[in-house]
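Just below is one structure, and these are the notes that go with it.
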Amino acid sequence: MTNAVVIGGAGQVLTEDEVTAFVGDALAGAGLEGKSVCVIVPDATRSCPLPLLLKAVTQALKGSQVTILVALGTHAAMTPEQLREHLGDDYPNVINHEWWKPETFADLGTIGPDRVGEISAEMLRDEVPVRLNRAVVEHDVALVVGPVFPHEVVGFSGGNKYFFPGVAGQEVIDFSHWLGALITSANIIGTPGITPVRALIDEAAALIPAEKLALSVVARSGTDSLHAIAFGDTVESWRAAAEISAQTHVRYLDRPVRRVVSVMPPKYADIWTAAKGFYKLEPVVADGGEVILYAPHVTQLAAMHPEIEQIGYHCRDYFLGQWEKFRDLHWGVLAHSTHLRGAGTWDPVSGEHLRVQVTLATGIPEDVVRGANLGYADPATVDLDAYEADADTFVVPNAGETLYRLKASVAG
(Lines give C-alpha, C1' and ligand atoms only; values in the text may rest on other atoms or scores of the structure.)
Protein backbone atom coordinates (compact mmCIF):
# COMPACT_ATOMS: atom_id res chain seq x y z
CA MET A 1 0.00 0.00 0.00
CA THR A 2 1.57 3.29 -1.11
CA ASN A 3 -1.19 5.85 -0.63
CA ALA A 4 -3.27 6.74 2.38
CA VAL A 5 -7.06 6.80 2.47
CA VAL A 6 -8.32 9.77 4.46
CA ILE A 7 -11.60 10.76 6.07
CA GLY A 8 -12.16 14.23 7.53
CA GLY A 9 -9.82 17.19 7.57
CA ALA A 10 -8.90 20.44 9.30
CA GLY A 11 -11.98 22.13 10.69
CA GLN A 12 -14.08 18.96 10.54
CA VAL A 13 -15.23 16.78 13.43
CA LEU A 14 -16.03 13.14 12.69
CA THR A 15 -18.99 11.37 14.27
CA GLU A 16 -18.51 8.08 16.10
CA ASP A 17 -20.40 6.30 13.34
CA GLU A 18 -18.11 7.78 10.70
CA VAL A 19 -15.04 6.68 12.65
CA THR A 20 -16.34 3.14 13.16
CA ALA A 21 -17.38 2.71 9.54
CA PHE A 22 -14.07 4.07 8.19
CA VAL A 23 -11.94 1.83 10.41
CA GLY A 24 -14.05 -1.22 9.55
CA ASP A 25 -13.89 -0.60 5.81
CA ALA A 26 -10.18 0.20 5.85
CA LEU A 27 -9.19 -2.94 7.71
CA ALA A 28 -11.63 -5.13 5.78
CA GLY A 29 -9.85 -4.15 2.60
CA ALA A 30 -6.34 -4.59 3.93
CA GLY A 31 -6.04 -8.34 3.40
CA LEU A 32 -5.51 -9.17 7.07
CA GLU A 33 -7.67 -12.31 7.23
CA GLY A 34 -5.88 -15.12 9.04
CA LYS A 35 -2.88 -12.94 9.92
CA SER A 36 -1.65 -12.16 13.43
CA VAL A 37 -1.76 -8.44 14.22
CA CYS A 38 0.14 -6.46 16.84
CA VAL A 39 -1.81 -3.26 17.50
CA ILE A 40 0.49 -0.53 18.85
CA VAL A 41 -1.31 2.20 20.81
CA PRO A 42 -0.22 5.29 22.80
CA ASP A 43 -0.22 5.57 26.57
CA ALA A 44 -2.43 8.08 28.38
CA THR A 45 -0.25 11.13 27.65
CA ARG A 46 -1.88 11.71 24.22
CA SER A 47 -5.39 12.96 23.41
CA CYS A 48 -7.10 10.23 21.46
CA PRO A 49 -10.51 8.47 21.57
CA LEU A 50 -8.74 5.15 21.98
CA PRO A 51 -11.77 3.18 23.30
CA LEU A 52 -13.75 4.09 20.19
CA LEU A 53 -10.87 3.27 17.84
CA LEU A 54 -9.97 -0.02 19.53
CA LYS A 55 -13.57 -1.19 19.57
CA ALA A 56 -13.73 -0.62 15.80
CA VAL A 57 -10.29 -2.20 15.23
CA THR A 58 -10.94 -5.35 17.26
CA GLN A 59 -14.36 -5.79 15.68
CA ALA A 60 -12.80 -5.58 12.22
CA LEU A 61 -10.03 -8.01 13.23
CA LYS A 62 -12.25 -10.51 15.06
CA GLY A 63 -10.97 -13.31 12.84
CA SER A 64 -7.31 -12.52 13.58
CA GLN A 65 -4.95 -13.17 16.47
CA VAL A 66 -4.58 -9.72 18.06
CA THR A 67 -2.11 -8.40 20.65
CA ILE A 68 -2.39 -4.83 21.95
CA LEU A 69 0.99 -3.29 22.80
CA VAL A 70 1.11 0.02 24.72
CA ALA A 71 3.90 2.25 23.43
CA LEU A 72 5.35 3.60 26.66
CA GLY A 73 8.70 4.76 25.28
CA THR A 74 10.32 5.13 28.69
CA HIS A 75 7.18 6.24 30.54
CA ALA A 76 5.81 4.41 33.57
CA ALA A 77 3.89 1.16 33.04
CA MET A 78 0.11 1.40 33.15
CA THR A 79 -1.72 -0.62 35.82
CA PRO A 80 -4.55 -3.03 34.88
CA GLU A 81 -7.08 -0.47 36.10
CA GLN A 82 -5.47 2.32 34.09
CA LEU A 83 -5.35 0.11 31.01
CA ARG A 84 -9.02 -0.79 31.33
CA GLU A 85 -10.00 2.88 31.44
CA HIS A 86 -7.50 3.88 28.74
CA LEU A 87 -8.45 1.16 26.28
CA GLY A 88 -12.15 1.12 27.10
CA ASP A 89 -12.47 -2.61 27.82
CA ASP A 90 -10.75 -5.67 29.30
CA TYR A 91 -9.12 -6.84 26.10
CA PRO A 92 -7.16 -10.10 26.06
CA ASN A 93 -3.45 -10.03 25.18
CA VAL A 94 -2.70 -6.47 26.33
CA ILE A 95 0.94 -5.77 27.22
CA ASN A 96 2.90 -2.78 28.41
CA HIS A 97 6.15 -2.11 26.58
CA GLU A 98 8.45 -3.33 29.36
CA TRP A 99 11.45 -1.26 28.30
CA TRP A 100 13.28 -1.99 31.56
CA LYS A 101 13.53 -5.76 30.79
CA PRO A 102 16.25 -6.98 28.37
CA GLU A 103 14.11 -9.96 27.36
CA THR A 104 11.51 -7.58 25.92
CA PHE A 105 13.61 -6.95 22.83
CA ALA A 106 14.51 -8.53 19.53
CA ASP A 107 17.68 -7.40 17.73
CA LEU A 108 16.93 -6.15 14.23
CA GLY A 109 20.45 -5.17 13.21
CA THR A 110 22.22 -1.81 13.11
CA ILE A 111 22.26 1.48 11.26
CA GLY A 112 25.86 2.02 10.21
CA PRO A 113 27.92 5.16 10.94
CA ASP A 114 28.09 6.21 7.29
CA ARG A 115 24.30 6.19 7.00
CA VAL A 116 23.93 7.96 10.35
CA GLY A 117 26.34 10.64 9.16
CA GLU A 118 24.35 11.04 5.95
CA ILE A 119 21.01 11.29 7.78
CA SER A 120 22.30 13.73 10.40
CA ALA A 121 24.38 15.96 8.11
CA GLU A 122 27.41 14.66 10.04
CA MET A 123 26.15 15.98 13.39
CA LEU A 124 26.58 12.41 14.62
CA ARG A 125 28.49 9.48 13.22
CA ASP A 126 27.93 6.37 15.29
CA GLU A 127 26.63 2.87 14.73
CA VAL A 128 23.14 2.54 16.20
CA PRO A 129 21.92 -0.90 17.39
CA VAL A 130 18.22 -1.35 16.58
CA ARG A 131 16.22 -3.27 19.18
CA LEU A 132 12.44 -3.52 19.16
CA ASN A 133 9.77 -5.11 21.32
CA ARG A 134 9.68 -8.71 20.15
CA ALA A 135 5.87 -8.69 20.07
CA VAL A 136 6.05 -6.57 16.90
CA VAL A 137 8.49 -8.99 15.27
CA GLU A 138 6.46 -12.06 16.24
CA HIS A 139 3.29 -10.92 14.42
CA ASP A 140 2.57 -10.82 10.70
CA VAL A 141 1.28 -7.25 10.82
CA ALA A 142 2.09 -4.24 13.00
CA LEU A 143 -0.86 -1.84 13.09
CA VAL A 144 -0.19 1.57 14.66
CA VAL A 145 -3.31 3.27 16.06
CA GLY A 146 -2.65 6.72 17.43
CA PRO A 147 -2.58 10.50 17.05
CA VAL A 148 -0.24 12.86 15.24
CA PHE A 149 0.82 16.12 16.90
CA PRO A 150 3.68 18.63 16.51
CA HIS A 151 6.65 17.07 18.33
CA GLU A 152 9.81 18.49 19.86
CA VAL A 153 12.15 15.68 18.76
CA VAL A 154 10.92 14.52 15.38
CA GLY A 155 8.81 17.38 13.93
CA PHE A 156 5.43 15.64 14.00
CA SER A 157 4.72 12.54 16.07
CA GLY A 158 3.03 9.37 14.85
CA GLY A 159 3.72 6.76 12.20
CA ASN A 160 7.00 4.93 12.68
CA LYS A 161 7.61 6.92 15.86
CA TYR A 162 5.29 4.45 17.58
CA PHE A 163 8.03 1.87 16.99
CA PHE A 164 11.00 4.15 17.65
CA PRO A 165 10.99 5.27 20.43
CA GLY A 166 7.52 3.94 21.35
CA VAL A 167 8.47 0.27 21.73
CA ALA A 168 12.21 0.49 21.06
CA GLY A 169 15.43 -0.25 22.89
CA GLN A 170 17.36 2.42 24.74
CA GLU A 171 19.97 2.89 22.01
CA VAL A 172 17.61 4.26 19.38
CA ILE A 173 15.70 6.26 21.99
CA ASP A 174 18.84 7.99 23.26
CA PHE A 175 20.32 8.51 19.82
CA SER A 176 17.20 9.91 18.17
CA HIS A 177 16.44 12.24 21.06
CA TRP A 178 19.98 13.61 21.18
CA LEU A 179 19.95 14.18 17.44
CA GLY A 180 16.77 16.20 17.90
CA ALA A 181 18.36 18.11 20.77
CA LEU A 182 21.36 19.00 18.61
CA ILE A 183 19.00 20.48 16.03
CA THR A 184 17.08 22.03 18.97
CA SER A 185 13.41 21.72 19.79
CA ALA A 186 12.59 25.22 18.53
CA ASN A 187 14.06 24.40 15.13
CA ILE A 188 12.46 20.98 14.67
CA ILE A 189 9.08 21.13 16.41
CA GLY A 190 6.23 21.31 13.90
CA THR A 191 8.59 20.93 10.93
CA PRO A 192 6.72 19.19 8.11
CA GLY A 193 8.17 16.38 6.04
CA ILE A 194 11.15 14.16 6.75
CA THR A 195 13.37 15.73 9.41
CA PRO A 196 16.73 14.09 10.21
CA VAL A 197 15.18 12.38 13.25
CA ARG A 198 12.24 11.13 11.18
CA ALA A 199 14.72 9.81 8.59
CA LEU A 200 16.57 7.91 11.34
CA ILE A 201 13.31 6.44 12.65
CA ASP A 202 12.23 5.42 9.15
CA GLU A 203 15.62 3.78 8.58
CA ALA A 204 15.18 1.73 11.76
CA ALA A 205 11.58 0.84 10.84
CA ALA A 206 12.73 -0.56 7.50
CA LEU A 207 14.39 -3.37 9.50
CA ILE A 208 11.04 -4.54 10.93
CA PRO A 209 9.97 -7.80 9.22
CA ALA A 210 6.24 -7.33 9.84
CA GLU A 211 3.93 -5.53 7.43
CA LYS A 212 3.54 -1.99 8.83
CA LEU A 213 0.16 -0.24 8.67
CA ALA A 214 -1.27 2.74 10.54
CA LEU A 215 -4.52 4.38 11.44
CA SER A 216 -3.05 7.85 12.02
CA VAL A 217 -5.59 10.14 13.66
CA VAL A 218 -5.76 13.90 14.10
CA ALA A 219 -7.44 14.57 17.43
CA ARG A 220 -9.30 17.65 18.52
CA SER A 221 -6.86 18.49 21.30
CA GLY A 222 -8.06 17.80 24.82
CA THR A 223 -11.19 15.98 23.64
CA ASP A 224 -12.34 12.56 22.48
CA SER A 225 -13.20 13.90 19.03
CA LEU A 226 -11.30 13.44 15.77
CA HIS A 227 -10.74 15.82 12.89
CA ALA A 228 -9.42 13.13 10.56
CA ILE A 229 -8.13 9.58 10.14
CA ALA A 230 -5.60 8.41 7.56
CA PHE A 231 -5.09 4.71 6.80
CA GLY A 232 -2.17 3.28 4.86
CA ASP A 233 1.38 2.18 5.48
CA THR A 234 3.13 3.84 8.42
CA VAL A 235 4.85 6.41 6.19
CA GLU A 236 1.99 7.50 3.91
CA SER A 237 -0.64 7.40 6.66
CA TRP A 238 1.56 9.55 8.90
CA ARG A 239 2.35 11.98 6.08
CA ALA A 240 -1.35 12.58 5.36
CA ALA A 241 -2.21 13.05 9.05
CA ALA A 242 0.78 15.36 9.66
CA GLU A 243 -0.41 17.69 6.90
CA ILE A 244 -3.78 17.99 8.65
CA SER A 245 -2.15 18.34 12.09
CA ALA A 246 -0.07 21.24 10.74
CA GLN A 247 -3.33 23.04 9.93
CA THR A 248 -5.05 22.02 13.16
CA HIS A 249 -2.47 22.01 15.96
CA VAL A 250 -0.37 25.07 15.10
CA ARG A 251 -1.58 28.54 16.04
CA TYR A 252 0.08 31.82 15.13
CA LEU A 253 0.49 34.96 17.21
CA ASP A 254 1.04 38.46 15.81
CA ARG A 255 3.78 39.36 18.28
CA PRO A 256 6.00 37.81 20.99
CA VAL A 257 4.72 37.64 24.55
CA ARG A 258 6.64 38.47 27.72
CA ARG A 259 5.13 35.72 29.84
CA VAL A 260 3.30 32.45 29.21
CA VAL A 261 1.34 30.50 31.82
CA SER A 262 0.91 26.94 30.54
CA VAL A 263 -1.90 25.25 32.45
CA MET A 264 -1.08 21.56 32.31
CA PRO A 265 -3.85 18.93 32.33
CA PRO A 266 -3.73 15.93 34.70
CA LYS A 267 -2.64 13.48 31.98
CA TYR A 268 0.89 14.87 32.40
CA ALA A 269 1.93 13.25 35.66
CA ASP A 270 5.49 14.59 35.95
CA ILE A 271 7.69 17.26 34.36
CA TRP A 272 9.14 14.67 31.96
CA THR A 273 5.78 14.82 30.15
CA ALA A 274 4.44 18.21 31.34
CA ALA A 275 7.48 19.90 29.80
CA LYS A 276 5.41 19.93 26.59
CA GLY A 277 3.91 23.11 28.02
CA PHE A 278 7.30 24.72 27.43
CA TYR A 279 8.26 23.21 24.06
CA LYS A 280 4.97 24.19 22.47
CA LEU A 281 5.22 27.82 23.64
CA GLU A 282 8.95 28.59 23.49
CA PRO A 283 8.75 29.96 19.90
CA VAL A 284 6.42 32.84 20.91
CA VAL A 285 8.22 34.01 24.06
CA ALA A 286 10.23 37.23 23.79
CA ASP A 287 13.93 37.23 24.65
CA GLY A 288 14.24 37.47 28.42
CA GLY A 289 10.64 36.33 28.87
CA GLU A 290 9.24 33.58 31.07
CA VAL A 291 7.22 30.37 30.80
CA ILE A 292 5.38 29.28 33.95
CA LEU A 293 4.31 25.63 33.99
CA TYR A 294 1.25 25.61 36.22
CA ALA A 295 0.62 22.04 37.35
CA PRO A 296 -0.22 21.75 41.07
CA HIS A 297 -0.87 18.01 40.61
CA VAL A 298 2.73 17.30 39.54
CA THR A 299 5.01 16.22 42.39
CA GLN A 300 8.07 14.82 40.56
CA LEU A 301 10.46 15.92 37.86
CA ALA A 302 10.68 12.49 36.26
CA ALA A 303 9.27 9.35 37.86
CA MET A 304 11.26 7.02 35.58
CA HIS A 305 14.40 9.18 35.24
CA PRO A 306 15.43 10.47 38.68
CA GLU A 307 18.91 11.27 37.36
CA ILE A 308 17.51 14.51 35.92
CA GLU A 309 17.56 15.89 39.48
CA GLN A 310 21.35 15.54 39.51
CA ILE A 311 21.92 16.77 35.95
CA GLY A 312 19.45 19.64 36.10
CA TYR A 313 18.02 21.53 33.15
CA HIS A 314 20.42 23.24 30.74
CA CYS A 315 20.73 24.43 27.18
CA ARG A 316 22.35 22.30 24.49
CA ASP A 317 25.65 24.21 24.52
CA TYR A 318 26.09 23.56 28.25
CA PHE A 319 26.43 19.85 27.47
CA LEU A 320 28.37 20.19 24.23
CA GLY A 321 30.90 22.48 25.89
CA GLN A 322 31.54 19.86 28.59
CA TRP A 323 30.91 16.74 26.52
CA GLU A 324 33.52 14.54 28.21
CA LYS A 325 31.67 15.06 31.47
CA PHE A 326 28.26 14.10 30.09
CA ARG A 327 28.74 11.79 27.11
CA ASP A 328 28.36 8.55 29.11
CA LEU A 329 24.96 9.52 30.56
CA HIS A 330 21.69 8.62 28.85
CA TRP A 331 21.46 10.93 25.86
CA GLY A 332 17.67 10.85 26.09
CA VAL A 333 17.86 12.44 29.55
CA LEU A 334 20.28 15.08 28.28
CA ALA A 335 17.89 15.79 25.42
CA HIS A 336 14.95 16.21 27.81
CA SER A 337 17.07 18.61 29.85
CA THR A 338 17.71 20.83 26.83
CA HIS A 339 14.09 20.70 25.71
CA LEU A 340 12.88 22.32 28.93
CA ARG A 341 15.55 25.05 28.94
CA GLY A 342 15.40 25.98 25.30
CA ALA A 343 17.88 28.27 23.56
CA GLY A 344 21.00 29.49 25.33
CA THR A 345 24.76 29.70 25.32
CA TRP A 346 27.56 28.42 27.53
CA ASP A 347 31.26 29.10 27.83
CA PRO A 348 33.73 28.15 30.56
CA VAL A 349 34.31 31.76 31.62
CA SER A 350 30.86 33.35 31.83
CA GLY A 351 28.85 30.14 32.19
CA GLU A 352 25.32 29.60 30.97
CA HIS A 353 23.02 32.26 29.55
CA LEU A 354 19.44 31.24 28.76
CA ARG A 355 17.03 33.02 26.44
CA VAL A 356 13.89 32.27 28.47
CA GLN A 357 13.24 31.79 32.17
CA VAL A 358 11.37 28.58 33.14
CA THR A 359 9.35 28.58 36.35
CA LEU A 360 7.58 25.57 37.87
CA ALA A 361 4.37 26.22 39.80
CA THR A 362 3.88 22.62 40.85
CA GLY A 363 3.77 20.34 43.87
CA ILE A 364 7.52 19.68 43.58
CA PRO A 365 9.50 20.95 46.59
CA GLU A 366 11.29 24.28 46.07
CA ASP A 367 14.74 22.87 46.82
CA VAL A 368 14.32 20.18 44.15
CA VAL A 369 13.13 22.72 41.57
CA ARG A 370 15.92 25.23 42.23
CA GLY A 371 18.48 22.43 42.47
CA ALA A 372 17.52 21.43 38.93
CA ASN A 373 18.26 24.97 37.64
CA LEU A 374 14.62 26.04 37.31
CA GLY A 375 12.63 28.87 38.84
CA TYR A 376 10.09 28.15 41.56
CA ALA A 377 6.62 29.57 42.32
CA ASP A 378 4.20 28.35 44.95
CA PRO A 379 1.15 27.24 42.93
CA ALA A 380 -1.12 28.60 45.68
CA THR A 381 0.10 32.11 44.79
CA VAL A 382 -0.68 31.79 41.08
CA ASP A 383 -3.76 33.87 40.26
CA LEU A 384 -4.85 32.73 36.80
CA ASP A 385 -7.54 35.43 36.58
CA ALA A 386 -4.97 38.13 37.29
CA TYR A 387 -2.65 36.70 34.65
CA GLU A 388 -5.54 36.58 32.17
CA ALA A 389 -6.08 40.30 32.75
CA ASP A 390 -2.38 41.10 32.28
CA ALA A 391 -1.61 42.35 28.77
CA ASP A 392 1.94 40.96 28.99
CA THR A 393 0.81 37.42 29.85
CA PHE A 394 -0.56 34.68 27.60
CA VAL A 395 -2.49 32.03 29.57
CA VAL A 396 -2.82 28.72 27.73
CA PRO A 397 -5.38 26.25 29.13
CA ASN A 398 -4.91 22.55 28.37
CA ALA A 399 -1.36 23.23 27.19
CA GLY A 400 0.94 20.58 25.74
CA GLU A 401 -0.49 19.59 22.36
CA THR A 402 -1.02 22.79 20.36
CA LEU A 403 2.13 24.48 19.04
CA TYR A 404 2.28 28.28 19.09
CA ARG A 405 4.39 30.18 16.60
CA LEU A 406 4.91 33.74 15.49
CA LYS A 407 3.63 34.79 12.10
CA ALA A 408 6.43 34.68 9.54
CA SER A 409 6.70 38.45 9.20
CA VAL A 410 7.36 38.72 12.94
CA ALA A 411 9.53 35.61 13.38
CA GLY A 412 11.64 36.42 10.34
Do you know which residues across region 182-221 are of a type in the set (V, I, T), in a loop (DSSP other than H, G, I, E, B) and free of Cβ contacts under 8 Å to residues at least 40 places away in the same chain?
T191, I194
Pairs with Cβ under 8 Å, 6+ apart, first in region 348-366 and on the phi < 0 side of the Ramachandran plot, second polar (S, T, N, Q) and surrounded by 17 or more Cβ atoms within 10 Å (Cβ to Cβ)
I364/Q300
Matching entry among A274, A240 (being out of contact with any Leu (no Cβ under 7 Å at 6 or more places or on another chain) and crowded, with 20+ Cβ neighbours inside 10 Å)
A240
Starting from residues that are charged (D, E, K, R) and farther than 21 Å from T223 by Cα, keep the ones in region 254-269 and report whichever is nearest to the chain's Cα centre (by Cα).
R259
Looking at region 141-154, is at least one residue assigned to a helix (DSSP H, G or I), surrounded by fewer than 24 Cβ atoms within 10 Å (Cβ to Cβ) and touching a residue at least 60 places away in the same chain (Cβ under 8 Å)?
no
Pairs, please: C-beta under 6 Å, at least 6 apart or cross-chain, first residue assigned to a helix (DSSP H, G or I) and in region 235-250, second among the polar types (S, T, N, Q)?
E236/N3; S237/S216; W238/S216; A241/S216
Scanning region 292-306 residue by residue, those among the β-branched types (V, I, T) and either open to solvent by 80 Å² or more (accessible area, probe 1.4 Å) or outside any loop (DSSP other than H, G, I, E, B) (or both) turn out to be I292, T299
With (1) out of contact with any Pro (no Cβ under 8 Å at 6 or more places or on another chain); (2) in a helix (DSSP H, G or I); (3) open to solvent by less than 10 Å² (accessible area, probe 1.4 Å) as the list, and L179 as the residue in question, which single condition is left unmet?
(1)
Hey, K101 closer than 28 Å to W323 by Cβ and charged (D, E, K, R) or not
no
Of the conditions (1) closer than 23 Å to G155 by Cβ; (2) surrounded by 13 or more Cβ atoms within 10 Å (Cβ to Cβ); (3) not β-branched (V, I, T), the single one that K407 does not satisfy is (2)
Would you list the strands (runs of 3 or more DSSP E) that sit entirely within region 307-381 and hold 1 or more residues that are in contact with a Cys (Cβ under 9 Å, 6 or more places away or on another chain), surrounded by fewer than 23 Cβ atoms within 10 Å (Cβ to Cβ) and among the hydroxyl-bearing types (S, T, Y)?
344-347
Taking the criterion of being open to solvent by 60 Å² or more (accessible area, probe 1.4 Å) and farther than 21 Å from T402 by Cβ, would at least one residue in region 257-265 satisfy it?
no
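The values are calculated or read from the model by the stated rules, or taken from the named source; none is laboratory data. Nothing here was measured: the structure is a model prediction, and the numbers come from that model. In this analysis, Cβ positions are derived from the backbone assuming ideal geometry, glycine residues included, and neighbour counts consider all displayed protein chains. What goes into the accessible areas is simple: the full protein's heavy atoms, side chains included, and nothing from ligands, DNA or RNA. Shrake-Rupley method; radii C 1.70, N 1.55, O 1.52, S 1.80 Å.
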